[in-house]
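Student: Following this message is one structure expressed as structure tokens.
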Amino acid sequence: MADILRRRISILGSTGSIGVNTLDVVAQLGGRDAFDVVAITGNSNVDLLAEQAKMFGARLAVTADDKQYAVLKDALSGTGIEVAAGRAALVEAGERQSDWVMAAIVGTAGLAPTLAAAKRGADIALANKECLVSAGDLFVKAVADGGGRLIPVDSEHSAIFQSLEDDQRHAVERIVITASGGPFRTFSREQMAGVTVDIARAHPNWSMGLKISVGSASMFNKALEMIEAKHLFNVRPDQIEVVVHPQSVIHSMVGYTDGSVIAQLGCPDMRTAIGYALTYPDRPKLNVDRLDFAKLARLDFEAPDEIRFPALRLARTAMARGGVQAAVMNAAEETAFNAFCDRRIGFLQMADIAEQVMEDMTGYGVAITMDDVFAADGEARRRAGDVIARMEMAA
Ligand code: NAD
Ligand code: MG
């Protein structure tokens, strides 16, 4: 009997920052007694993946890294937990019957497995914003056609989701996305030019994975979030505002036609948004810090600077041009981010590369199928690689 009542869940990217926080929430809400963990996936950190699989009684554990198959198999031998590796196995993890799937793989690598889960009608808790940036309306349609719900996990989008009144969508005037401003909020372009990945990854308020931490420093993460908001909430680009709010207490807001603004606040802890996505429309009881307003004393706001942070401008360009420009921007930036981590290019060059590849690919139209999205993504990566090579030659 108990088995029938246990909610079947899968976590794509369980070993990352969001994945670990998701399992913490799952544990807080009853762990294996309340949840049937169908599948979990990771990449190279198979020790953690094996430990999680055992602790939560997962039925399938998948590593994206083929070379780690034997290690994972060995670590889980005798447990009865099924083990698999590689990209096709990731998709299979998404396909396995479950009610709710946390999409928390980083980057475009998350698109295919998340789509597989969406198509079979699972509720998708979406942390992987790249799915929406790359595939946009095609992704939204895949979820709708599958019949599951799309529940945002990104803190800003969870805040907007929570601040939207369902029967008042027509009265929404604007969406205000807050941004901490990252570690370089007060840096000049000259100061940013020389920073290394270790400096860029140190976020003032949130503890997150490497890609999103660096993306917060360049505000490229905010650029992705603007496009994410457009698709999630079906608003026009001119209805999307970004405001820098260094305390990260207001997670985002919705402005209505009567002048009211509704916001969601909380401590910067992703478990609140994850818990909401897991139990929606109910609210779970979570052991997270509570806001102390007297201690907080003040909330600050400032306009974002699109000269020092060109990523925001690129997001507006991508939305205005339409077609596959957002997928191109995302793929070019992901390629540039990897080159920055490998110390092949400087911090400011990441936006230069994205801008140039976007410019070069303006002739690419709308994606009709997912294959068009993957083709644009691949082409943008190839072109970004060429730009990076030319930059290295020139340096
Ligand atoms: P992370 O780097 O900590 O974890 C990423 C996960 O993806 C890990 O499980 C890793 O093993 C897996 N992975 C990495 N490369 C892979 C590949 N090629 N194939 C398959 N799996 C791979 O990242 P994160 O910070 O947890 O972020 C995950 C997603 O959630 C990102 O899209 C990010 O933008 C989004 N997000 C994160 C936060 C946060 O607080 N960390 C907040 C909002 C949104
Ligand atoms: Mg966010």
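Student: When the residues of the range 273-306 are filtered to those that are touching a residue at least 24 places away in the same chain (Cβ under 8 Å) and of a type in the set (Val, Ile, Thr), which remaining residue is nearest to ASP166 (Cα to Cα)?
Tutor: Filtering first and then ranking leaves THR279.
Student: Restricting to the range 8-28, name every residue that is more than 16 Å from ligand 2 (Cβ to nearest atom), open to solvent by 10 Å² or more (accessible area, probe 1.4 Å) and closer than 13 Å to ASN43 by Cβ.
Tutor: Selection gives THR15 alone.
Okay, residues lined up against (1) in contact with a helix residue (DSSP H, G or I) (Cβ under 6 Å, 6 or more places away or on another chain); (2) acidic (Asp, Glu); (3) under 16 Å from ALA326 (Cα atoms); (4) within 11 Å of ligand 1 (Cβ to nearest atom):
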residue	(1), (2), (3), (4)
PRO204	no, no, no, no
MET208	yes, no, no, yes
ILE212	yes, no, no, yes
ALA217	yes, no, no, no
ASN221	yes, no, yes, yes
ILE227	yes, no, yes, no
ARG236	no, no, yes, no
GLN239	no, no, no, no
VAL249	no, no, no, no
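Student: Which of (1) closer than 26 Å to ASN338 by Cα; (2) away from ligand 1 (no atom under 14 Å from the Cβ) is the odd one out, the single condition ALA171 does not satisfy?
Tutor: Only one criterion is unmet by ALA171, namely (1).
Student: Condition first: over 18 Å from ALA331 (Cβ atoms), touching a helix residue (DSSP H, G or I) at 6+ places or on another chain (Cβ under 6 Å) and open to solvent by less than 30 Å² (accessible area, probe 1.4 Å). Now tell me which residues in the range 104-151 satisfy that.
Tutor: Listed by number, the residues that qualify are ALA104, ALA116, ALA117, ALA118, GLY121, ILE124, ALA125, ALA127, ALA142, VAL143, GLY146, ILE151.
Student: Here's another thing I want to ask about it. Residues that are touching a His at 6+ places or on another chain (Cβ under 7 Å) and within 16 Å of ligand 2 (Cβ to nearest atom): list the helices (runs of 4 or more DSSP H) wholly contained in the range 146-245 that include at least 2 such residues.
Tutor: It comes to 155-163, 210-218, 220-233.
Student: I would also like to ask the following. Give the residues of the range 111-137 that are within 11 Å of ligand 1 (Cβ to nearest atom), within 17 Å of VAL373 (Cα to Cα) and in contact with a strand residue (DSSP E or B) (Cβ under 6 Å, 6 or more places away or on another chain), sorted by residue number.
Tutor: Correct list: PRO113, THR114, ASN128.
Student: If you scan the range 246-255, which residues turn out to be open to solvent by 10 Å² or more (accessible area, probe 1.4 Å) and in a strand (DSSP E or B)?
Tutor: ILE250, HIS251, MET253
The values are calculated or read from the model by the stated rules, or taken from the named source; none is laboratory data. In this text, all values refer to a predicted model and were calculated from it rather than measured experimentally. When we count neighbours, we look across all protein chains shown, and the Cβ atoms used for this are built from the backbone with ideal geometry, even at glycine. Only protein heavy atoms, including side chains, enter the accessible area calculation; ligands, DNA and RNA are left aside. Shrake-Rupley method; radii C 1.70, N 1.55, O 1.52, S 1.80 Å.
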